[in-house]
Amino acid sequence: MASVKQQFFLMILLLLSIFRSSQGRGFTKPRYPYIKKASSFSSAPGEAYDYIIVGGGTAGCPLAATLSHKFKVLLLERGGSPYGNRNISRLQNFHISLADTSPSSPAQAFISTDGVINARARVLGGGTCINAGFYTRASPSYVNAAGWDGQLVNESYPWVEKRIVYWPNVAPWQAALRDGLLEAGVSPFNGYTFDHIYGTKVGGTIFDRRGFRHTAADLLAAGNPNNLRVLLRASVQKIVFDTQGRRPKAVAVQFKDDNGRQHQAVLEEGAGGGDVILSAGAIGSPQLLLLSGIGTKHDLEKLRIPVVLHNQHVGKGMSDNPMNSIFIPTKKPVRQSLIQTVGITKMGTFIEASSGFSQSSDSIQCHHGIMSAEIGQLSAIPPAQRSLEVAQKYARNKQNLPREAFRGGFILEKIDGPLSTGELSLLNTDVDCSPSVTFNYFSHPYDLKRCVYGIRTIEKIVRTKHIARLSGVDEYPIEVLLNMSVKANLNLVPKHTNDTASIQQFCRDTVITIWHYHGGCHVGKVVDHDYRVMGVAGLRVIDGSTFVNSPGTNPQATVMMMGRYMGVKILRERLGREAAV
Ligand code: FAD
């Protein structure tokens, strides 16, 4: 039995641990001794892994953590660590990391052939390190259509939620949107919920109440450190196949480390063996399949890529949910907020908002797409001369704009399950260079119709007293707002003189992205229902590239859930239900 002194000591320890956990999970970051630079990799002869996961992103991290409970896992991420980077961890810097176009930036900018500036994550934690943080689940009908096991889905979402998801401290701009939505008829109010229900709700967020971001990288702490190895700045070049057997089998991957040296990581051989799993995102996964020789034979041959398997569906069915926003200037500065409230309409249009970005000196000097209220922008520059470099030059020259021009917030609308689709194709064989991506925004008339519906709904919201109270202006005529928004939107799409006369034209000309692009490795076309790449052995794709539609109003909850879900499914397949986690 413990002495009084020992009992006192234990009591102090207990109190300290309660105090620490009540401080919030962001205060002390767990140490991850298994996260190393890629240059530390030495492939000792015979060293092999049960699973090699390519991409330490939104799906890759929970997947690696789960599989490591029973198997030896190597997670290869091309970006660096999110820890210690204030542009990632602070909500108020959301737009600054997006505007960072340096080679080590956690956000890699790309422009789709549609002329819309977009971004891909390049950091451990993937999209959860650069996104707007809104957390909301997919609908039960989405889960059914995906053919997922409902019970396991309902266990996998909470696995994520209890680790990194919070309820927001609702900002005035978000409260005004909530009340404006209800007055505009997007009802009922469904309160605080993760569920996808028609009406208006407040969702979860991966920012805690201090505005500190928690990410998918934090989920690695749930793994088994003895079985998990994570390499940063490990840029995977291609998958290596054994083509001697009946069908090609993935056996290894080639990657380049932070010093530019090439390595090969090898899969464990043997019965019931593991897989190479691509979790490199909707741009990265189809790109890697193509670079590895799985794609349309003719296209691969043009780039002299040895063909492993002809599959014309790789890179096809790319979609991005188009977003259009209305900028509302305010007389006084407004509190910063990212998405907290959402209106889910029966028409398949979602309404959200953000506020207060661009007000600081740092912000005024950077371009950041949707969150900027910049007047003039690129619309004066001829279309042929519009490029990322021009956008940067513009940003450098805009220090002298009056600060008042940056006060305000956006109300945005975006389309659920766009019917307009496009494709991805390689421009060259360099994995660090983004492929060509086309989304064909609004090529389907129903998408355009839904955009018009969304803008009309925003018009009703803007007319309510809730917005007027914040803007300090009784009522802005919608033409004035549309006009300002045409100039404020940063895309490279040519503008028209009738932008504000026709809402359809406004939708086309001011289209930007909400960064929910998906597709390229669809289920039934590139992967089967177990996410195994069809026609080859030992290879799966588990991430947003497998989606035909983006889940819920925002996808990250379901992408992380999917990583955990597929990890448990794979363990159960190999070990039986009881032996798995
Ligand atoms: P990612 O998370 O992008 O993971 C892919 C990983 O693979 C990356 O870390 C990448 O570096 C790595 N990789 C790629 N190629 C290679 C290679 N060759 N070798 C090694 N590693 C490689 N969703 C929400 O739900 N709520 C929001 O508020 C929200 N806002 C967003 C705002 C922005 C700016 C962005 C970009 C996205 C936003 N999203 C939001 C969308 C959401 O974050 C993404 O859909 C999701 O993170 C995609 O997950 P993924 O696992 O498919 O890909």
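Of note:
- Look at (1) in a helix (DSSP H, G or I); (2) at pLDDT below 95 and you find that Glu269 fails only one, number (1).
- Qualifying residue in segment 518-537 (condition: more than 16 Å from the ligand (Cβ to nearest atom), in contact (Cβ under 8 Å) with a residue 40 or more places away in the chain, open to solvent by less than 20 Å² (accessible area, probe 1.4 Å) and assigned to a helix (DSSP H, G or I)): no
- Among the conditions (1) surrounded by fewer than 23 Cβ atoms within 10 Å (Cβ to Cβ); (2) in the same structural domain as Leu67 (by the TED database); (3) assigned to a helix (DSSP H, G or I); (4) touching a residue at least 60 places away in the same chain (Cβ under 8 Å), Asn144 misses just one, which is (4).
- Among (1) among the charged types (D, E, K, R); (2) open to solvent by 50 Å² or more (accessible area, probe 1.4 Å); (3) within 16 Å of the ligand (Cβ to nearest atom) - the single one Asp218 does not satisfy: (2)
- Boolean, Lys316 is free of Cβ contacts under 8 Å to residues at least 24 places away in the same chain and surrounded by fewer than 22 Cβ atoms within 10 Å (Cβ to Cβ): no
- Residue list for segment 285-343, restricted to those being within 16 Å of the ligand (Cβ to nearest atom), under 30 Å from Ile239 (Cα atoms) and outside any loop (DSSP other than H, G, I, E, B): Ser285, Pro286, Gln287, Leu288, Leu289, Leu290, Leu291, Ile294, Gly295, Gly317, Met318, Ser319
- Inside segment 151-192, residues that are under 30 Å from Met566 (Cβ atoms) and either in a helix (DSSP H, G or I) or open to solvent by 60 Å² or more (accessible area, probe 1.4 Å) (or both) make up a count of 16.
- Residues located in segment 25-45, provided they are open to solvent by less than 90 Å² (accessible area, probe 1.4 Å) and modelled with pLDDT under 50: Gly26, Thr28, Lys29, Pro30
The values are calculated or read from the model by the stated rules, or taken from the named source; none is laboratory data. Only a predicted model underlies this, so the values are computations on that prediction, with no experimental measurement involved. Cβ: placed from backbone, ideal geometry, glycine included. Neighbour counts: every protein chain shown. Please note that ligands, DNA and RNA were not included when accessible areas were found on the heavy atoms of the full protein model with its side chains. Shrake-Rupley method; radii C 1.70, N 1.55, O 1.52, S 1.80 Å.
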